[in-house]
Amino acid sequence: MVYESIPRTVRILLLGEPGVGKTSLILSLVTEEFTEHVPPKAEEITIPADVTPEQVPTNIVDICTAEQSLEQVAEEIERAHVICIVFSVDRQETLSKIASYWLPFVRENCSDDYRKPVILVGNKIDLIDYSVIDNIWDIAEEYPEVDRCIECSAKSLINVSEMFYNAQKAVLHPISPIYSIEEQE
Ligand code: GTP
């Protein structure tokens, strides 16, 4: 059985519907504070190895569908090692679009025998007082590339560094074989 080799850098891509907080999550991670007004798209950020828990240089890439073509987003999917699909826990439609649009779009842009790990990220938990994780199991079952799900808040700085750390871990310590045995035989 062949495994994708573990890369020496980790490239994390954030996808998801407009307004779910992708740029805010990146800026909250970097500045450790929440800014109300963020640019439509964060510049690509490189976090040096010595400040990451796994000691691996990490690039974080934002997208903005209003500014980028689908071809450009597809190219970023091809370049990424792990994809965080962000939704807003207070907007059900942003969660629905994960299964109806984003996960199929990611699959289309990965080779048939190699699926990149996906983290589902429910942002803005400061706005609600219940968990939406129960709504995600069906999606995770249908799409085994979903490595884990995490709820966070860019505003209250809850689980922000954990989200990026989990993305790193999904690449460096995959919990399931990236190739299925059936596909290789
Ligand atoms: P696009 O650039 O359109 O793709 O949006 P985006 O996903 O990058 O979202 P952005 O970071 O621009 O945030 C959208 C709005 O949500 C902004 O008004 C943010 O201040 C707000 N926001 C982001 N994260 C949070 C959060 O955790 N809690 C709350 N309450 N608001 C948030």
Top-ranked residue of the stretch 113-143 - restricted to ones that are touching a residue at least 60 places away in the same chain (Cβ under 8 Å) and assigned to a strand (DSSP E or B), ranked as nearest to the chain's Cα centre (by Cα): 121
Meets criteria (more than 8 Å from the ligand (Cβ to nearest atom), free of Cβ contacts under 8 Å to residues at least 40 places away in the same chain, open to solvent by 60 Å² or more (accessible area, probe 1.4 Å) and not in a strand (DSSP E or B)) for residue 72: yes
Residue identified as over 17 Å from residue 94 (Cβ atoms), open to solvent by 20 Å² or more (accessible area, probe 1.4 Å), modelled with pLDDT of 95 or more and not small (Gly, Ala, Ser) among 33, 54: 33
Index of the failed condition, residue 49 passing every other in (1) among the small types (Gly, Ala, Ser); (2) in contact (Cβ under 8 Å) with a residue 12 or more places away in the chain; (3) away from the ligand (no atom under 12 Å from the Cβ): (2)
Checklist (1) more than 16 Å from the ligand (Cβ to nearest atom); (2) open to solvent by 10 Å² or more (accessible area, probe 1.4 Å) applied to residue 40, failing item: (1)
Given (1) β-branched (Val, Ile, Thr); (2) more than 30 Å from residue 138 (Cα to Cα); (3) within 14 Å of the chain's Cα centre (by Cα), number of the condition residue 23 does not satisfy: (2)
Hits in the stretch 8-30 - residues which are open to solvent by less than 30 Å² (accessible area, probe 1.4 Å) and either modelled with pLDDT under 95 or at positive phi (or both): 16, 21
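The values are calculated or read from the model by the stated rules, or taken from the named source; none is laboratory data. Keep in mind that what you see is a predicted model, and the values were worked out from it rather than measured. Heads up, the Cβs are rebuilt from the backbone with ideal geometry, glycines too, and the neighbour counts pull from every protein chain shown. The protein model used for the area step is the full one, side chains on, heavy atoms only, and it has no ligands, DNA or RNA in it. Shrake-Rupley method; radii C 1.70, N 1.55, O 1.52, S 1.80 Å.
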